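Chemist: This is the structure I want to talk about, given as C-alpha cells.
The values are calculated or read from the model by the stated rules, or taken from the named source; none is laboratory data. None of these values were measured; they are calculated from a predicted model. Please note: Cβ atoms are built from the backbone with ideal geometry, for glycine as well, and neighbour counts cover all protein chains shown.
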Amino acid sequence: MTSPADAKAFSSEASPGSREETAPKQELGALPRFDGTRSGAGRPKRQRLLPTLFRTTAFKLAAAYLVIFSIFAVLVLGYVAWNAQRLLTDQIRSTIDAEIQGLAEQQRQGGIRRLVNIIERRSRGPGASLYLVTTPLGERIAGNVEALPPGTLDRPGESEIEYARSSEALDTPSRALVRVFMLPAGFRLLVGRDLEERERLGIVIRRAAGWSLALVFVLGCFASWYVARRVLKRIDGMSETAHGIMEGDLKGRLAISGTGDELDRLALNLNAMLDRIGELMAGMQQVTDNIAHDLKTPLTRLRNKAEEALRSAKSPDELRAALDGSIEAADNLIRVFNALLMIARLEGGRAGDNMAELDLSEIVSGLAELYEPLADEAGLALACKVEPALKIQGNRELIGQALNNLIDNALKYGAPEQGGDGTVTVAAHLQGDQVELSVADHGPGIPQADRGRVLDRFVRLDASRSKPGFGLGLSLAAGVVRLHGGQIRLEDNAPGLRVVIALPAVPKPVETRPPSEPAASTAPSNPAGLPTV
Amino acid sequence: MRLLIVEDDAEAAAYLTKAFREVGHVADHAADGLVGYAMAEGGGYDVLVVDRMLPRLDGLSLIRSLREQKDDTPALILSALAQVDDRVKGLRAGGDDYLPKPYAFSELLARVEVLSRRRGAPAAEPTVYRVGELVLDRLAHRVTREGQEIVLQPREFRLLEYLMKHAGQVVTRTMLLENVWDYHFDPQTNVIDVHVSRLRAKVDKGFEHAMIHTIRGAGYMVRDIAR
C-alpha cells in the first residue's frame, strides 16, 4: 500500500501528462476512431448482462440503499461506542472519587502514616488501582506508579495520562485516568485507574463495525443483484410479450404475477389498454364487414337498376324516372355511409372540442315539437313530459341526432297493435345525479332476448323489415350516449318499448339554496349600510 | 350572379361550373387555394364556393385571409370531413354557410342564391315582409292575407318568416331545419314537409292561388304567382 501522500504525488504527476496525451486525441475525435472502438466492441457481447444490470432502476435503488444503510450502521455503531466509553469513564471516575474520599478520610483520622500503610497494602492487590503519595516536593512515599508525565502532580484534579507501573514497563506506557488530591501539609495523593478496559472495548466495537459494514455490503450486493434480476426478468418478459403483440399476436397479454405490485398494476393497465385497442380494432373490422355486406347489396341493386333502365327504358320519361330512383338510392347510401362513419367516430371516443353545457329540456321539447305533426300524421300522439332546465355537458347536434333517432323509431314502430293507446311519450327528469331521458311507445316492443342485439349496427328485427331503415339509428344513439359518459337501456313499456338514456347531469348551483334566499341574504351582507354601486 | 368555385377536383369543378352556368350564373374556377385567393381578392365575386381541403392554401385559411383583408364576400364551405365540430370550425373561420359532401346540386344552388341575395340586401331587416297580399309583421307577430288575419303557432310563424324573407328563392328542407329549428343533423324523415303542409293549410287554404310552392327535388318557395 502506498501512503496517501505518495498516491497524491503520483496522481498529480500523472494527470498533466495524461491530459496532454488525450487532448490531441479529442481534437481528432470528430473522425471515427475505429481502432479504439473495435477493441472494445468484442467485449459488450459477453458483458451485456452486467451493464444492463447496472442500468436497471432496481440496481440503482439497491446501491442507494446500500450507501444509506452503511451510513446508518456507522452512525449507530459510533453512537453505541461513544456512549459505552462515556459510561465506562463515568464508572471509573466515580470509583476513583470514592477511593480518594475514603483515603482522605483515613488520612484525616490516622495521619499520613496510616494513609501510606493503606496504600502500600492496596497497591499490592491484584487488579489494583494506581496509587501514589508524594511529599510536597514530589518525592514518592508510597504507591505503585513508577513513571508519570512531568507536572502531573502539580495539577490537582482529573486528567488522562500515560504512566508506567514499574521501571521495566517504561517503554510501553499505559493510559490511565487519574486524579490528584492535595492533602494537608502539602502531601499529594494520586489515585487512578488503568484505561485498558476502555481501550479494549473500543477495539471490539471498531472490529464489530468493520464486520457489520462488510456484511451489510455483501448482503446488500446479493439483495440488489437478486431484486434487479427478478425485476429485470419480469420486465424482459413484458418486453417479449409486447414484441409478440407487435408482430401480430394481438391476443397476447402480459403476465400478472398476482402480487399487486407496481409491475402488476402496469401490466394490468397495459392489458386493459390492449383490450380497448382490440375492441376498437374489432369495431373497425365490423365496420368493414358491414360495409362489405350491407352497402354492397344496395350498391349492386342501384347498379342493376341503372343498367336495367339503360337497356329497357322506352321513353325519356321512363329514363328520367329511373335516374330519379337512382339518385334517391344513392342518397340513401350516402346517409348510411354518414351514419356508419359517425358511429365509428363516436366509438373511437373523439368528441371534438365542442362539448358545452346544454339545456336538455330545451332540446327535448324542441324535438318533440318538431315531430308532433309527424306523429299526428302517423295517427299517434306525442306527449312531452320534461322537467325544466335540465343541464348536461354535451354536444347539441349529437344529442339531438340521438333523440331524433329514438323518436323516429318510436313513430315508425310504435303504432299499437289493435286500437290501443297510441301515445309516444318523450320524458326527461332528474334522477339522482343523472338526467334520465326516455322515449316510450305502445307498439309491439322488442323481445327481451333481442334487446342487447338491436344496439349493434345493421341489426333489424324481422318485424321491422317491412319499414324503411337501415338498422343504424339505435347504434348511433348508443354511440352518442357512450361518448357522453351515459348509459342506454331498453325496457318493457308493457306493452311497447321504452328506451332510457341516462346522462350525467351538470349540478345546478341554484339548487343548493332556495331561490328566495339569496335575495334575503344580500341585505345583511352590507351591515355598514355603505352605498353599493 | 358571379361565382368563384375553388375546388381541386377537376371533375367536381367542371360539373359545378357547368351546372351553375346552365342556370344562368357566371362561374369561374380556381384549382388551388392560392390561385383562389388571388382571384377572389380582385374578382368582385358575389359568392365564393370553397372546398375545405385544397392544395397550397386550405379553404379555411383562404377565407380567414380574405376576412383579414376586410373582404366580406359571402363564402360557402364544401367539406368532405364529416366531423361533428367541422361546421363550427368552418363558420368560425369566417365562412357564411357550410355544406358537407356529397351534396345535391339543388341544395348548393339554393344556398348560394340565398347568400348572394343577402349581400345586396340592406343592412337592417325590414320589419314587415310583403309577398303579394300576404303580409307578415315581425314586430306585431301578425300575419294577414288580403286583410284577413291568419293565426299561426310560434314555430309556424318563424317558418313563414324565413320563407318570406327569401321570397322568390328556393329554400331547401335542410335550410329550414337549420334556420328555423337550428338543428344541424339529418332527421332522415319528411318531418319538414309535414310542417310546411300544416303551414300551407293555414296560409293557402281558402284562397284562389297558392303562396307556398313545392319545388320538386329541391325544396320550397314563397312566391306570388298572381302577378
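Chemist: Can you give me the ranges of the strands (runs of 3 or more DSSP E) entirely in the range A:374-466 with at least 1 residues that are farther than 25 Å from residue B:186 by Cα and at pLDDT 75 or above?
Modeler: Here the list reads A:423-431, A:434-440.
Chemist: Only one of these is away from every other protein chain (no Cβ under 14 Å) and closer than 30 Å to residue A:324 by Cβ: B:124, B:210. Name it.
Modeler: Just a single option satisfies the conditions, and that option is B:210.
Chemist: Give the range B:164-199 a look and list any residue that's touching a Phe, Trp or Tyr at 6+ places or on another chain (Cβ under 9 Å), within 21 Å of residue B:130 (Cα to Cα) and either at the interface with chain A (Cβ under 8 Å from one of its Cβ atoms) or of a type in the set (D, E, K, R) (or both), or say none.
Modeler: B:165 - this is the single residue of the range B:164-199 that is touching a Phe, Trp or Tyr at 6+ places or on another chain (Cβ under 9 Å), within 21 Å of residue B:130 (Cα to Cα) and either at the interface with chain A (Cβ under 8 Å from one of its Cβ atoms) or of a type in the set (D, E, K, R) (or both).
Chemist: Quick one: which of A:379, A:400 is out of contact with any Leu (no Cβ under 9 Å at 6 or more places or on another chain) and either over 17 Å from residue A:482 (Cβ atoms) or within 14 Å of chain B (Cβ to nearest Cβ) (or both)?
Modeler: That would be A:379, the only listed residue that is out of contact with any Leu (no Cβ under 9 Å at 6 or more places or on another chain) and either over 17 Å from residue A:482 (Cβ atoms) or within 14 Å of chain B (Cβ to nearest Cβ) (or both).
Chemist: So, of the residues in the range A:347-364 that are among the aliphatic types (A, V, I, L, M), more than 25 Å from residue A:424 (Cβ to Cβ) and modelled with pLDDT of 75 or more, which turns out to be nearest to the chain's Cα centre (by Cα)?
Modeler: Result: A:355.
Chemist: Being within 44 Å of the chain's Cα centre (by Cα), touching a residue at least 60 places away in the same chain (Cβ under 8 Å), surrounded by fewer than 23 Cβ atoms within 10 Å (Cβ to Cβ) and within 11 Å of chain B (Cβ to nearest Cβ): is that true of residue A:344 here?
Modeler: yes
Chemist: Separate question: Can you name every residue in the range A:297-332 that is more than 13 Å from chain B (Cβ to nearest Cβ) and charged (D, E, K, R)?
Modeler: A:301, A:303, A:305, A:307, A:308, A:311, A:314, A:317, A:318, listed by residue number.
Chemist: I need the full set of residues from the range A:207-256 which are closer than 23 Å to residue A:277 by Cα, surrounded by fewer than 16 Cβ atoms within 10 Å (Cβ to Cβ) and among the hydroxyl-bearing types (Ser, Thr, Tyr), in order please.
Modeler: Passing the criteria: only A:239.
Chemist: Also: With the structure loaded, tell me whether residue B:140 is more than 12 Å from chain A (Cβ to nearest Cβ) and hydrophobic (A, V, I, L, M, F, W, C) or whether it fails that test.
Modeler: Yes.
Chemist: Among the residues in the range A:221-244, are any within 30 Å of residue A:348 (Cβ to Cβ) and either assigned by TED's automatic domain parsing to the domain that holds residue A:340 or of a type in the set (A, V, I, L, M, F, W, C) (or both)?
Modeler: Checked against the condition, which is being within 30 Å of residue A:348 (Cβ to Cβ) and either assigned by TED's automatic domain parsing to the domain that holds residue A:340 or of a type in the set (A, V, I, L, M, F, W, C) (or both), the range A:221-244 yields at least one hit.
Chemist: Sticking with this structure for a sec: Given (1) more than 20 Å from the chain's Cα centre (by Cα); (2) of a type in the set (Val, Ile, Thr); (3) within 16 Å of residue B:115 (Cα to Cα), where does residue B:35 come up short, assuming only one miss?
Modeler: The single condition residue B:35 does not satisfy is (3).
Chemist: Then there is this: May I ask you to say which residue of B:46, B:28, B:58 is of a type in the set (Asp, Glu) and either in contact (Cβ under 8 Å) with a residue 60 or more places away in the chain or outside the structural domain of residue B:98 (by TED's automatic domain parsing) (or both)?
Modeler: It is B:46.
Chemist: Would you please list the contacts, defined by Cβ atoms under 7 Å and residues six or more apart or on different chains, that run from a residue in the range A:218-230 that is hydroxyl-bearing (Ser, Thr, Tyr) to a residue that is surrounded by fewer than 16 Cβ atoms within 10 Å (Cβ to Cβ)?
Modeler: That search, which allows pairs on different chains as well, returns A:224/A:63.
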